[in-house]
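Any read-out appearing in this document is the output of simple, stated calculations on the displayed coordinates, not a laboratory observation. All figures in this text were calculated on a predicted structure; none of them were measured in a lab. Cβ: placed from backbone, ideal geometry, glycine included. Neighbour counts: every protein chain shown.
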Amino acid sequence: MTDYDHAETLHPGQGWSRILPRHHTLTLSDPSGRASVALFAFRADQPLERYNMSDTLKAQHTAFLTAGRVLMSDMGHVLLSITADSCGWHDTLSGHQDAEESLAAYGPGTYQTLRNQRHRNTRDNALVEFAKHGLGLRDLHANVNLFTKVVVEASGAVRFVPGHAAGAAITLRAEMPVLVVLSNTPHPLNPAPTYDPPAVELTIHRVPPPGLDDPCRISRPENGRAFAKTEALP
Amino acid sequence: MTPRCDDTVLAGDGWTQVLRQGEHLRIVDLEGNQAVDTLFYDAHDHRDRYDAMRTIRQGGNLYLTTGAVLRGSSGRPLLTIVDDTCGRHDTVGGACSCESNQVRYSLDKLHMHSCRDTFLLLGARHGLGKRDLAANVNFFMNVPVTPEGGLSFADGVSGPGHHVELRAERDVLVVVSNCPQLNNPCNGWNPTPVRMLVFTP
């Protein structure tokens with residue numbers, strides 16, 4: 001297994017994909033305090049297996065993600081564990097914006113007029129990165145929106161809650177080789193009138209495997225069983 | 001009106017039909033508190049499938065009831081809920097699977113019947129595989145989310161004879177699993193039959 005540290009800037013509007021080896025962490029930090037990054041996750045050696053929103057939420061009795069919780073696959077495995085989070089709430093319910101929604105929200109932002117400041121959208125970014133790994137439209141399922149809080153009122157109404165601390169960061173640890181796809185593009189419910197995603201910093205580190213007392217493993221008995229299934233993989 | 005299709009789907013069984021644009025689908029919860037896990041696809045392009053996230057954010061509400069527009073991943077409407085005597089349907093809880101039952105309840109639950117197996121079996125008739133299984137609608141199922149972000153599988157809000165009715169906004173493939181889950185209250189601990197009616201009003 002590769003033992004490396006890596007640092008990179010996720011530019012405004014950028015799509016990104018990389019296979020995160022087992023027991024490596026990906027940390028995203030947001031110096032601006034207003035980022036939203038869409039995250040898609042697949043089992044790297046069998047991308048038919050992917051992050052499953054419903055299975056993740058119902059197993060952990062939660063509608064959002066934060067430290068101590070994990071992203072589960074549709075096969076009952078842990079793809080990514082959230083080992084640190086200074087943000088406190090990452091949205092799982094809102095999905096991602098496409099070209100039509102982006103145009104409605106921000107107006108035209110073409111390459112011809114804006115060059116590389118053009119308005120990129122999450123769906124198109126995801127499809128480009130997916131295609132680099134042999135994936136396509138059929139693989140486009142629910143994503144997590146990092147750094148974004150969306151609450152559900154008693155009536156069921158969904159509400160975007162703006163703002164988190166500048167410098168907020170989240171660290172995700174891969175529990176198997178995971179294809180991570182990111183898109184640094186606006187959240188579909190963000191009411192800000194202008195297209196202006198901030199730069200986000202990425203770092204990757206090799207870390208020890210989770211111990212028996214790992215907070216993500218012991219936060220719920222369901223997580224313990226998902227870890228057991230994951231660690232039993234060949 | 002005489003329904004084109006009037007089927008009783010037994011507990012734990014599946015059902016699939018192609019609705020023609022303008023047709024209505026009425027699902028009747030015959031004995032009450034029965035989760036009906038349902039997937040929708042454009043009949044002519046299965047890649048344009050029901051998109052729970054888009055339906056939630058564009059409808060502005062987590063729960064589905066009369067007036068809700070069920071959208072495909074293209075953004076175009078697939079169906080509209082035109083009548084609902086239950087009042088609330090879930091679209092976050094997804095379908096039970098052998099593997100998620102292991103995680104949620106016990107590693108020895110792998111053998112139990114699950115909605116995802118029904119989806120895979122019925123989907124195979126239409127050329128659908130696991131890649132095509134998106135987050136589904138759970139008619140008659142209650143998965144409340146609190147403002148603090150808590151999520152639970154609560155007892156059903158439905159009762160005997162409640163129904164929900166949808167209008168197809170284009171030709172729509174419907175794939176249903178009449179949920180066999182025995183490990184939580186989504187079926188009132190006792191899976192029961194439902195009735196599926198397809199008609200032109």
Exercise. Considering only the other residues whose Cβ falls under 11 Å of the Cβ of residue B:76, what net charge follows from Lys and Arg at +1 and Asp and Glu at -1?
Worked result: -3
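Pull out a ≥ b ≥ c, the square roots of the eigenvalues of the alpha-carbon gyration tensor of the stretch A:27-175, then state rounded if a/c is under 1.5, prolate if not and a/b is larger than b/c, and oblate in the remaining case.
Working: a/c = 1.57, a/b = 1.19, b/c = 1.32.
It is oblate, given that a/c is not under 1.5 and a/b is not larger than b/c.
Can you tell me the FRET efficiency between residue A:19 and residue B:1 if r is taken as the Cβ-Cβ distance and R0 is 41 Å, rounded to the nearest 0.05? Please report the intermediate quantities before stating the final value.
Working: r = 56 Å, r/R0 = 1.36.
It comes out at approximately 0.15.
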For this session: Compute the acute angle (0 to 90°) between the alpha-carbon long axis of helix B:115-125 and the principal axis of greatest extent of the alpha-carbon atoms of chain B; round to the nearest 10°.
Result: 40 degrees
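Under the classification rounded if a/c is under 1.5, otherwise prolate if a/b is larger than b/c and oblate if not, where does the stretch B:87-201 fall, given a ≥ b ≥ c as square roots of the Cα gyration tensor eigenvalues?
Working: a/c = 1.60, a/b = 1.15, b/c = 1.39.
Taking the square roots of the gyration eigenvalues as a ≥ b ≥ c, the stretch B:87-201 is oblate.
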Seminar exercise, completed: Quick note, chain B: a/c under 1.5 would make it rounded; otherwise a/b > b/c is prolate and the rest oblate (a ≥ b ≥ c, C-alpha gyration tensor); here it is rounded
Problem set entry | Normalised contact order of chain B, rounded percent, pairs of Cα under 8 Å and 6 or more residues apart | 45 percent
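Determine the calculated [θ] at 222 nm for the protein assembly as shown from helices alone, applying -39500 (n - 2.57) to every DSSP H run no shorter than 4 residues and normalising by the residue count; nearest 500 deg cm²/dmol. Spell out each step's value before the answer.
Details: 9 runs with 71 residues, N = 435.
The per-residue figure over the protein assembly as shown is -4500 deg cm²/dmol.
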Exercise. Tell me, A:212, A:65 in order of fewest to most beta-carbon neighbours within 10 Å?
Worked result: A:212, A:65
For this session: Would you pull out the residues with amide H under 5 Å of residue A:80's amide H, same chain only if 5 or more places away, H placed 1.01 Å from N?
Result: A:71, A:175
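Explain nothing, just the number: dipole magnitude of the protein assembly as shown about its Cα centre with +1 on each Lys and Arg Cβ and -1 on each Asp and Glu Cβ, in debye rounded to the nearest 20. Spell out each step's value before the answer.
Details: 40 positive and 47 negative charges, 103 e Å.
For the protein assembly as shown, the charge dipole is close to 500 debye.
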Problem set entry | Relative contact order of chain A, pairs being alpha-carbon contacts under 8 Å that are 6 or more residues apart, as % | 42 percent
Exercise. Near residue A:229, which aspartates and glutamates are there with a Cα under 20 Å away, not counting those fewer than 8 places off in the same chain?
Worked result: A:45, A:49, A:55, A:74, A:175, A:213, A:214, B:99, B:108, B:117
For this session: Quick one: among A:31, A:191, A:12, which has the greatest mean-square fluctuation in a GNM of chain A with alpha-carbon springs under 10 angstrom?
Result: A:191
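For the protein assembly as shown, what is the Kirkwood hydrodynamic radius in Å, using each pair of distinct C-alpha atoms?
Working: mean 1/r = 0.0456 Å⁻¹.
Computed over Cα pairs of the protein assembly as shown, the Kirkwood hydrodynamic radius comes out at 21.9 Å.
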Problem set entry | Cut-off 12 Å (backbone N to label point 7 Å along Cα→Cβ of residue B:44), residues of the stretch B:5-29 | B:21
For this session: Pull up the cross-link candidates among the lysines for residue A:149, meaning alpha carbon to alpha carbon under 26 Å and not fewer than 8 places away within one chain.
Result: A:58
Exercise. For the residue pair residue A:5 and residue A:207, what label-to-label distance in nm results when each label sits 7 Å from Cα along the Cα-to-beta-carbon direction?
Worked result: 1.5 nm
